[in-house]
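One structure is given below, encoded as structure tokens.
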Amino acid sequence: MPELMVSLQAAFKGTPDIVVGNVVGSNIANILLIMGTGALIYPMDSKSAGIQRDVAVMIVATIGLLVLAYRGGIDRLDAQIMLGCLITYLVAVYLLERGSPEPEHAVHSSVSDMGVFMAMAWVSLGLLALVVGADSLVKGATNIARDFDIEHFRDHGPDYSRCH
């Protein structure tokens, strides 16, 4: 969700380079940092069908991004195809996993313990924080790019140097 918010903010502000950097950087961080740290705490079984499926899909998606990048960009049709692929993948995973036994460590009572109103309040607060944080990140990244005199940001997009 944070990657989506940052990418949307960057797209609305006319800085597609930040969108691509966000996607690629998040992919690298998720693979190396998140999975690596998680495996340090509790080793993962890479032979599980779920992990093998997800890794295969991630590799195909990464190759797809490379093809689009070398082709020259991502247009609206490409975006629609990508969203269609994501929806297809999510539906397929849901259908495959819905009959699977629940993990032993599943948490069932966290929402019922705090109440629906408080849960919704926390979700709303979290979404608001995501939007504000994404906006700040895009503004900061744009300013840093200008400070380093990166050509695209020198002449394009809004100037956030006076924003606080």
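The values are calculated or read from the model by the stated rules, or taken from the named source; none is laboratory data. Given the structure is predicted, the values throughout are model-derived calculations rather than measurements. Cβ sites come from the backbone with ideal geometry, for glycine too, and all protein chains shown count toward neighbours.
Would you check which residues across segment 1-47 are among the β-branched types (Val, Ile, Thr) and without any contact (Cβ under 8 Å) to a residue 60 or more places away in the chain and list them? Correct list: Val19, Val20, Val23, Val24, Ile28, Ile31, Ile34, Thr37, Ile41. The condition of being buried (at least 16 other Cβ atoms within 10 Å of the Cβ) and of a type in the set (Val, Ile, Thr) holds for only one of Ile18, Ile34, Ile28, that being Ile18.
Apart from one condition, Ala129 fits all of (1) outside the structural domain of Gln9 (by the TED database); (2) surrounded by 11 or more Cβ atoms within 10 Å (Cβ to Cβ); (3) at pLDDT below 90; the exception is (3).
Looking only at segment 75-111, filter to residues that are more than 22 Å from Ala56 (Cα to Cα) and of a type in the set (A, V, I, L, M, F, W, C); which one of those is modelled with the lowest pLDDT? Among them, the one singled out is Val107. All of Arg98, Arg53, Arg71 fail the test of being surrounded by 10 or more Cβ atoms within 10 Å (Cβ to Cβ), over 27 Å from Ile150 (Cα atoms) and among the basic types (Lys, Arg), apart from Arg53.
Among the residues of segment 47-59, just one is more than 21 Å from the chain's Cα centre (by Cα) and either of a type in the set (A, V, I, L, M, F, W, C) or within 24 Å of Val23 (Cα to Cα) (or both), namely Ala49.
Entry remark, segment 112-122: residues being among the hydrophobic types (A, V, I, L, M, F, W, C) and modelled with pLDDT under 80 number 1 in total.
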